[in-house]
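The values are calculated or read from the model by the stated rules, or taken from the named source; none is laboratory data. Treat the numbers as computed from the prediction; the structure is a model and nothing was measured. Counting neighbours? That spans all protein chains shown, and the Cβs are built from the backbone with ideal geometry, glycine included. The accessibility values were calculated without ligands, DNA or RNA, using every heavy atom of the protein model including side chains. Shrake-Rupley method; radii C 1.70, N 1.55, O 1.52, S 1.80 Å.
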Amino acid sequence: MGRVQVERSVMPLRNQKSSEAFARARKRIPGGVNSPARAFGAVGGEPLFIERGEGAYLFDIDGHQYIDYVGSWGPLILGHRHPKVVAALREALERGTSFGAPTEAETQLAELVIEAVPSIEMVRFVNSGTEATMSAIRLARAYTGRDVIIKFAGNYHGHVDSLLVAAGSSAATLAVPNSPGVTEGTARDTLVLEYNDVAGLEEAFGRMADRIAGVIVEPVAGNMGCVPPSPEFLQALRRLTQAHGSLLIFDEVMTGFRVAYGGAQQLYGVMPDLTTLGKIIGGGLPVGAYGGRAEIMEHVLPSGKVFQAGTLSGNPLAMAAGIATLTTLRETNPYEALESSSQRLASGLLDAARQAGLPASVNQVGSMLTLFFHPGPVNNWSDASKADTRRFAQFFWEMIKRGVYLPCSQFEAMFVSTCHTERELDQTIQAAHQACLRVAQQVAS
Ligand code: KE4
């Protein structure tokens with residue numbers, strides 16, 4: 001995504017310290033950030049450097065306070081610095097940071113994940129969602145003895161070479177690289193289809209079923225903005241993979257413990273063969289995981305032959321934060337409350353845009369949602385990609401000026417935490433009404 005040019009009128013409020021910090025960072029770190037999503041490339045201007053987080057709030061180094069709807073891109077469903085997570089980390093820290101040897105905390109978190117996620121009987125922890133999806137794909141290929149992986153346009157599964165690909169010249173042809181450094185050979189084993197397109201999926205299986213090792217899918221898409229699955233789509237995924245001996249991989253790095261305690265597979269009642277997790281299960285520390293039926297997972301080294309390893313996998317501090325997060329979610333069961341506050345927010349944002357005369361639609365599942373500057377419906381990437389990203393950028397900065405920190409791209413999901421109360425929601429909706437009116441005036445001028 002190229003950098004969007006934003007009119008000076010909506011350029012960010014004066015952030016002297018952030019600006020200086022960004023200039024310094026760019027001398028040492030590519031683009032001044034350790035993940036491109038943070039660089040504000042899709043909204044223009046410069047990223048804000050954060051001093052600290054507290055509950056539903058972020059504070060930048062220039063002293064500005066924001067209601068935070070990024071939540072570290074999903075992990076912080078309990079908000080920043082939840083007391084139980086902080087206490088668990090303090091307690092773990094007293095015993096050390098890493099041992100390179102097994103600890104009981106890894107088994108405890110594994111038991112929590114297995115108890116929560118219906119299709120998982122055995123799980124392996126890694127350090128990121130990318131590691132989880134990369135490992136799950138390798139396992140699917142080893143288990144089936146096949147090569148081809150199907151993914152969907154608009155779905156993101158981390159920076160795995162074989163998934164950094166774009167659709168081939170036609171939906172029927174295998175993929176092509178969409179990052180320098182990804183080889184044609186790597187891309188050739190991936191097929192990119194349209195999300196929610198049952199006919200396309202059936203056609204692909206009709207043509208190459210015996211080559212398909214697995215299908216990896218965001219069961220609720222978050223990386224093209226929030227796009228829910230059609231019930232027929234999830235059922236077709238399960239039916240076709242089952243019928244042809246391919247593995248269905250639900251990438252629940254974002255939806256796991258987000259849309260329900262048992263993830264999208266519990267919400268929609270569709271059981272995958274493998275599930276990848278991340279974000280929430282680490283409570284803000286680096287954790288990923290992949291899991292599934294024991295008869296599949298036992299193929300992973302050292303019980304099986306599929307290689308996968310990691311120095312800090314199962315790190316004691318990350319396990320402590322994950323255990324505290326999941327036990328708190330299990331005890332408090334905030335999902336109904338999160339659903340209703342997110343619905344309220346979604347309709348408030350939509351009202352704001354429409355009352356300002358801006359074409360808009362909103363998708364919301366559980367506590368993830370996206371306001372699209374697109375009349376809707378938005379059911380796949382070809383819909384989402386038609387959204388007005390320039391208007392989104394203007395909206396983004398108008399909201400920053402009013403103390404609301406949104407994901408810095410039209411193609412990301414907002415996340416509501418258990419710390420977002422009526423007060424934060426009311427303030428956000430009020431800010432959105434003012435912001436949309438300003439955007440509409442800019443459009444008119
Ligand atoms: P990580 O390697 O970033 O932990 O996870 C990759 C990943 C895998 N699967 C899904 C469904 C994901 O959403 C992600 C990562 N999500 C992005 C935000 N949309 C992370 C933000 C970033 O890249 O900085």
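Details
- 3J(HN,Hα) couplings calculated from phi for segment 29-42 with the Karplus curve 6.51 cos²θ - 1.76 cosθ + 1.60 (θ = phi - 60°) are, in sequence order, 10, x, x, x, 9, 9, 7, x, 4, 8, 7, 6, x, 7 Hz; Gly and Pro show x.
- Ranked by how many other beta carbons lie within 10 Å on average, peptides 133-141, 116-124 from highest: 133-141, 116-124
- For segment 49-194: rounded, prolate or oblate by the Cα gyration tensor [a/c cutoff 1.5]: oblate
- Counting only DSSP H runs of at least 4 residues, each contributing -39500 (n - 2.57), and dividing by the residue count of the chain, the helix-based mean residue ellipticity at 222 nm comes to -12000 deg cm²/dmol.
- Under 5 Å, built H, 5+ apart or other chain: amide partners of CYS419: GLY79
- Accessible surface of segment 118-262 [probe 1.4 Å, protein heavy atoms]: carbon and sulfur percent: 53 percent
- The distance linking segment 66-138 with segment 195-224 is 29 Å (Cα centroid to Cα centroid, whole angstrom).
- Overall size of segment 83-332 from C-alpha positions, given as principal axis extents largest first: 56, 34, 34 Å.
- Highest-fluctuation residue, ASP68, ASP60, ASP273 considered, GNM on the chain with Cα pairs under 10 Å: ASP60
- Per residue, the convex hull spanned by the Cα atoms of the chain amounts to 141 cubic angstrom.
- Calculated log₁₀ intensity ratio I(q)/I(0) where the Debye formula runs over C-alpha points of segment 312-445, q = 0.17, 0.19, 0.20 Å⁻¹: -0.90, -1.05, -1.12
- Each peptide in 433-441, 90-98, 19-27 gets a packing score, the mean of other Cβ atoms within 10 Å over its residues, and the list from highest to lowest is 433-441, 19-27, 90-98.
- Dividing the Cα radius of gyration of segment 1-132 by 2.2 N^0.38 Å, with N the residue count, gives 1.36.
- Taking 0.36 nm per residue of sequence separation and removing the Cα-Cα distance, the ALA199/SER382 pair yields an extension gain of 64.3 nm.
- A compact globular protein would have a Cα radius of gyration near 2.2 N^0.38 Å; the ratio found for segment 321-387 is 1.42.
- Solvent-accessible surface of the chain, taken per residue with a 1.4 Å probe and all protein chains present: 41 Å².
- Rounded to 5, percent antiparallel among DSSP beta bridges of the chain: 55 percent
- Paramagnetic reach from GLN242 (point 7 Å along Cα→Cβ, amide N under 12 Å) across segment 111-145: none
- For segment 358-371, 3J(HN,Hα) per residue [Karplus equation, 6.51 cos²θ - 1.76 cosθ + 1.60, θ = phi - 60°, Hz, x = Gly/Pro]: 9, x, 7, 8, 9, 10, 8, 9, x, 9, 10, 7, 9, 8
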